[in-house]
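Where a number appears in this text, it was derived from the coordinates with a stated rule and is not lab data. These numbers were taken from a predicted model, which means no experiment stands behind them. Note: ideal-geometry Cβ built from the backbone for every residue, glycine included; neighbour counts use all protein chains shown.
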Amino acid sequence: MSEARLMVEVDRVLPAPPATVYRALTDPELYQRWMGPDGSVTTIEEMDLRIGGRLAFRVRLPEHDMEFGIHGFYEEIEPERRLVHSWLVEGDDDVSTVVMTLESVGDGTRLSITHHGLTSPEDVSQNQGGWTHQLDRLETVLATAG
């Protein structure tokens with residue numbers, strides 16, 4: 001039996017222009033404010049915004065005495081339009097890909113995230129909830145990012 005490759009798609013119209021949303025996706029100080037679950041502390045280890053550049057961060061969950069790392073490499077960069085990078089959770093063997101597209105909609109931005117290359121229904125469920133929650137947090141960060 002061949003291994004199924006699954007995906008998650010989430011999409012939100014955010015109350016900020018594409019330049020501001022893109023900044024929140026690529027500025028380490030802003031990124032660490034919205035990436036991770038509530039109560040977590042995210043630390044950017046590397047954010048080398050160029051094709052082949054590395055993205056690496058750690059998420060610490062003090063309540064659960066837990067910490068994990070995620071890293072990947074930028075594959076496509078179109079400022080204010082599209083960002084693609086690989087995604088590998090520390091200790092996992094399965095590399096997946098995150099595609100973020102930005103589209104101007106009125107005074108806001110539609111941010112669509114497709115996370116593909118997932119390998120189990122559990123991964124899909126976890127990432128669906130995770131990305132939906134990240135967009136909630138991103139919306140809050142954008143309200144103060146200017």
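Number of residues in the range 114-146 that are surrounded by 18 or more Cβ atoms within 10 Å (Cβ to Cβ) and in contact with an Asp or Glu (Cβ under 6 Å, 6 or more places away or on another chain): the value is 0.
Of the residues examined, ILE51 is not one that is aliphatic (A, V, I, L, M) and assigned to a strand (DSSP E or B). For the range 40-97, give me the residue count where each residue is closer than 25 Å to ARG110 by Cα and among the acidic types (Asp, Glu). Total meeting the criteria: 5. Taken across the range 30-42, residues that are basic (Lys, Arg), over 20 Å from MET100 (Cα atoms) and surrounded by fewer than 19 Cβ atoms within 10 Å (Cβ to Cβ) do not occur at all. Selection within the range 97-146: residues that are under 14 Å from the mean Cα position of the chain (by Cα) and without any contact (Cβ under 8 Å) to a residue 40 or more places away in the chain. The member of this set that is nearest to GLU80 (Cα to Cα) is THR101.
Selection of strands (runs of 3 or more DSSP E) fully inside the range 60-146 by the criterion of at least 3 residues being more than 25 Å from VAL13 (Cβ to Cβ) returns 66-78, 82-89. Of the set (1) more than 19 Å from ALA24 (Cβ to Cβ); (2) of a type outside the set (Phe, Trp, Tyr); (3) buried (at least 17 other Cβ atoms within 10 Å of the Cβ), all apply to GLY91 but (3). Filter the range 54-67 down to residues that are in contact with a strand residue (DSSP E or B) (Cβ under 6 Å, 6 or more places away or on another chain) and over 11 Å from PRO37 (Cβ atoms) and give me whichever is surrounded by the most Cβ atoms within 10 Å (Cβ to Cβ). Selected residue: LEU55.
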